[in-house]
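Participant: My questions will all concern the structure given below.
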Amino acid sequence: MAAVRTGGEIALNRIAIVAVLVVMIVFLAPIYWIASTAFKPRALATTVPPTVLFQPELTPFVKLFTKRVQQTKPVDPATYAAAPWWEKAVYDGGERILKVGDSPQLSPYPDRFVNSLIIAISSTLLAVSMGTLTAYGFSRFKVKGEADLLFFILSTRMLPPVVVAIPMYLMYRAVGLNDTHIGLIILYTAFNLSFSVWLMKGFMDEIPKEYEEAALVDGYTRMQAFFKIVLPEAATGIAATAVFCFITAWNEYAFALIMTNRRAQTAPPFIPSQVGSGLTDWTVIAAGTVLFLLPVAIFTFLLRNHLLRGMSFGAIRK
Amino acid sequence: MVVSVLNTLDPQSRAAARGWSDLTIRNIFIIPTVLFLIVFNIFPLIYSLGYSFTDFAANRNVPWSFVGLQNYRDLLADQRIWTNFVITAKYVIVSVGGQMIIGFGIALLLNRDFPFKGVVTTLLLLPMMLSAAVVGLFWQLLYSPSWGPINYILGLRNFGLLSDADTALYAVAITDIWMWSPFVMLLSLAGLSAVPKHLYEAAAIDRASSWYTFTRITLPLVAPILMIALIFRTMEAFKTFDLAYVLSVQPTTELIAIKLYRLAFQQWDTGRSSALAYIVLIMVLAITNIYVKYLNKVKER
């Protein structure tokens, strides 16, 4: 359509683009602030007025991964000269890295990060594989009381975590699953399963039945048709569902706070617990936060065409 | 369509004769999921329903007794619990209201062609994908009364938005609005792009004012999808725990989920907290029911 645009419309469009720019700045400024704090020298993290321009450094990340103590006396020049750059950076801040023999002692952060990875990945694999099978079942076969069953499945997702956590805590305590990886994996699988069923059902419904029916006529069994025809067709949907499940498990806080305290603790309850111990070093907190948020930021970008669908439990497609 | 499904369910069918029957496959695909959810979601709830009628305390090794409806009676008569509900209602109204207005507003802005539209939209969606607990943590830094950039920009000097009893709840709501306006924006954009172009063209030919076009064409057509955003966000805001818990320790920000957490895991009043959990649960299920009805409505369009 070749609409003639009036001068007024063009002006309006220009104003809108400026407004979009302002919105972008407002919404991205908080993220920029935490990300930039992760590269600031400690003294510049808490200044009045706030420091915007500075020489970025990696010291906060070195500190994030190591155990350190305050230096009481100046470091021996020879030791300082022999130290690698990352150790020098810590010396420069008046601290020294604790060591066992020659290797530096690690802070709890990498441990919590790995816990988050193990728990998020395992629960995602479980929730997506079970969800895919169930979605196929609902999509292709007649199920008695299908609408009620699907409502039941969705309603488990809507339960407030603290409500479920009270009895789960007591049950886990009875069977020794508190503060274990398996305990959290089960909880996150249950939490993501309903989502995975709903989203995958939408994707399954879009795959034409005729594909499998042709395969069945060709002599495939139903199982062969499912694995060789349906699953490859559903690959994109499965990947999108998996990323959503991963992000949910990765971000989860309430269950992790209640069910874990050390061994299986994930990053979300751990990172905030570092604040408030007297002299909080915000550069280190920011470094931990940035590393933790990075995977989600990358996934959001990869998922961009599926976000609408995922956020509406598969109800709205585009 | 139904006929073909029924045919394949016939145990004598050709496909069924080779390998597992469709009936078996359907059952082994669906039953484990349903069982899993019953064992890890429904069974615990039945368990805690039992506890809600007792004076059980999980941290003490003393015998507990059955108290009937006492916990429910006490809770509903407790002025402080009502205060928590009022705080929660205020929080839901402010934060969801803000998200609806800002989210829809941004969607109206973005609903046109401009360079890098895809990148801009994706970047704006980032906040809602982040962990609420970690977002709460870094907003503490932004809100810091002594050196936070927000106080500096607003010229608030040493006024702690998060530590003042009157402003703390609004400060938490603003963070929530920052996180979730993009969600409303995302749904609104989908709604806006589905409005048929010819309606606008017809309105332009009739020289309708832009206000008329907006209220008579745009709004009614986007309304169902806005309703979904509204119900979903209301339900989520009602359940809010992590963001408010990490951001603020003020009693004026003690949402019902935080009260529940403290009652259960700090005061260890297991019986009473189970009863409160049930009161909250019934409210959430009521909203869920409305939500699903709307989802199905929109799906059918």
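Participant: 5 Å is the cut-off here: which amide hydrogens, built 1.01 Å from N in the peptide plane, fall below it relative to A:T66, excluding neighbours closer than 5 in sequence?
Facilitator: Answer set, sorted by chain and number: A:S107.
Participant: Here is a follow-up. Calculate the FRET efficiency for B:L154 and B:Y47 from the Cβ-Cβ distance with a Förster distance of 56 Å, rounded to the nearest 0.05.
Facilitator: E between B:L154 and B:Y47, to the nearest 0.05, is 0.70.
Participant: Just round it to a whole percent: the fraction of Cα-Cα distances in the protein assembly as shown exceeding 45 Å.
Facilitator: Numbers: 49786 of 191271 pairs.
The proportion of pairs with Cα distances above 45 Å equals 26 percent.
Participant: Still on this structure: Tell me the chymotrypsin sites (Phe, Trp or Tyr not before Pro) within region B:156-223 that lie in a loop according to DSSP and have at most 15 other beta-carbon atoms within 10 Å.
Facilitator: In loop regions of region B:156-223 (DSSP not H, G, I, E or B), the sparsely surrounded chymotrypsin sites (Phe, Trp or Tyr not before Pro) are B:F159.
Participant: At 222 nm, what value in deg cm²/dmol follows for chain B if DSSP H runs of at least 4 each add -39500 (n - 2.57) and the sum is divided by all its residues, to the nearest 500?
Facilitator: Value at 222 nm, helices only, nearest 500: -23000 deg cm²/dmol.
Participant: What is the ratio of the Cα radius of gyration of region B:89-157 to 2.2 N^0.38 Å, with N the residue count, to two decimals?
Facilitator: Computed over Cα atoms of region B:89-157, the ratio equals 1.41.
Participant: Quick one: P(r) of region B:195-242 from all Cα-Cα pairs, 10 Å bins, percents rounded to integers, in order of increasing distance.
Facilitator: Whole-percent P(r) values from 0 Å outward: 24, 34, 20, 15, 6, 0.
Participant: With 23 Å as the cut-off, how large is the P(r) tail for region A:69-222, expressed as percent of Cα-Cα pairs?
Facilitator: Values: 7315 of 11781 pairs.
Percentage above 23 Å: 62.
Participant: Across the residues of A:242-248, average count of Cβ atoms on other protein chains within 10 Å?
Facilitator: For this peptide, the per-residue mean of nearby foreign Cβ atoms is 1.
Participant: Which listed residue (B:A286, A:L170, B:L130) has the Cα farthest towards the positive end of the charge dipole for the protein assembly as shown, taking +1 on Lys and Arg C-beta and -1 on Asp and Glu C-beta about the Cα centre?
Facilitator: Farthest along the dipole direction, towards plus: B:A286.
Participant: Same structure, new question: Please give the charge dipole size of chain B, origin at the Cα centre, charges +1 on K and R Cβ atoms and -1 on D and E Cβ atoms. Round to the nearest 20 debye.
Facilitator: My answer is approximately 520 debye.
Participant: Please turn the phi angles of region A:253-270 into ³J(HN,Hα) values with the Karplus equation 6.51 cos²θ - 1.76 cosθ + 1.60 (θ = phi - 60°), one per residue in order, whole Hz, x for glycine and proline.
Facilitator: 10, 4, 4, 5, 4, 7, 8, 10, 9, 8, 4, 10, 4, 9, 5, x, x, 6
Participant: Can I ask one more? Partner chain Cβ atoms within 10 Å, averaged over the residues of A:306-314 - can you pull that number for me?
Facilitator: That average works out to 5.
Participant: Please state, to two decimals, what the Cα-based radius of gyration of chain B comes to when divided by 2.2 N^0.38 Å (N = residues).
Facilitator: Taking N as the residue count of chain B, the ratio is 1.31.
Participant: On a full-extension model of 0.36 nm per residue, what is the gain between A:R14 and A:D148, subtracting their alpha-carbon distance, rounded to one decimal in nm? Walk me through the numbers on the way to the answer.
Facilitator: On the way: separation 134, 0.36 × 134 = 48.24 nm, distance 5.03 nm.
Gain on stretching A:R14 to A:D148: 43.2 nm.
Participant: Helix A:108-140 sits at what angle to the longest principal axis of chain A, using alpha carbons and giving 0 to 90 degrees rounded to 10?
Facilitator: Compared with the principal axis, the helix lies near 10 degrees.
Participant: Just to verify a number: FRET efficiency for B:W20 and B:S210, C-beta to C-beta distance, R0 = 60 Å, to 0.05?
Facilitator: 0.45
Participant: Right, something else. From the square roots a ≥ b ≥ c of the eigenvalues of the alpha-carbon gyration tensor of chain A, which class results: rounded (a/c under 1.5), prolate (a/b over b/c), or oblate?
Facilitator: Oblate.
Participant: Any idea what angle helix A:161-175 forms with the longest principal axis of chain A, computed on alpha-carbon atoms, 0 to 90 degrees, nearest 10?
Facilitator: Its long axis makes an angle of about 80 degrees.
Participant: While we're looking at this one, here's another question. Mind counting lysine pairs for me in chain A? Cα separation below 24 Å, and the two need to be 8 or more apart along the chain or on different chains.
Facilitator: 21
Participant: A follow-up question, please. When Cβ neighbours within 10 Å are restricted to other protein chains, what is their mean count per residue of peptide B:138-145?
Facilitator: 5
Participant: If one computes P(r) from the Cα atoms of region A:224-318, what percent of pairs lie at distances over 22 Å? Don't skip to the answer; put the middle values down first.
Facilitator: Values: 2180 of 4465 pairs.
Every Cα pair in region A:224-318 considered, those over 22 Å come to 49 percent.
Participant: From the C-alpha gyration tensor of region B:54-96, pull out the three semi-axes of the equivalent ellipsoid (sqrt of 5λ each), sorted largest to smallest, in whole Å.
Facilitator: So the equivalent ellipsoid measures 31, 13, 7 Å along its semi-axes.
Participant: Still on this model: What length, rounded to one decimal in nm, is gained on full extension from A:D111 through to A:A29, with 0.36 nm per residue of separation minus their alpha-carbon distance?
Facilitator: Here the segment from A:D111 to A:A29 would lengthen by 26.5 nm.
Participant: Is there a quick way to get the dipole size of the protein assembly as shown? I mean about its Cα centre, with the Cβ of Lys and Arg at +1 and of Asp and Glu at -1; what is the value in debye to the nearest 20?
Facilitator: Numbers: 49 positive and 36 negative charges, 57 e Å.
The dipole magnitude comes to about 280 debye.
Participant: Taking chain A as the reference, fit the longest principal axis to its C-alpha atoms, fit the long axis of helix A:146-158 to the helix C-alpha atoms, and give the angle between the two in degrees, 0 to 90, nearest 10.
Facilitator: The angle comes out at about 10 degrees.
Participant: At what distance in nm do the modelled label points of B:W147 and A:K88 sit from each other, each positioned 7 Å from its Cα along Cα→Cβ?
Facilitator: It is 2.5 nm.
Participant: Sticking with this structure for a sec: Top mean-square fluctuation among A:A287, A:A240, A:A297, Gaussian network model of chain A, C-alpha springs under 10 Å?
Facilitator: In this elastic network of chain A, the residue with the biggest mean-square fluctuation among A:A287, A:A240, A:A297 is A:A297.
Participant: Sticking with this one: Using r as the Cβ-Cβ distance of A:S273 and B:R112, and R0 as 60 Å, what FRET efficiency do you calculate, to the nearest 0.05? Each step should come with its number before you reach the end.
Facilitator: Numbers: r = 45 Å, r/R0 = 0.75.
The formula returns an efficiency of 0.85 here.
Participant: Going by amide H atoms built from the backbone, whose H comes under 5 Å of the H on B:T54, apart from near neighbours?
Facilitator: Answer set, sorted by chain and number: B:V67.
Readers should treat all values here as calculations from the given coordinates under stated rules, not as data from a laboratory. Since the model is a prediction, treat every value here as computed from it, not as a measurement. Don't worry about glycine lacking a Cβ; one is built from the backbone with ideal geometry, like all the others, and counts go over all protein chains shown.
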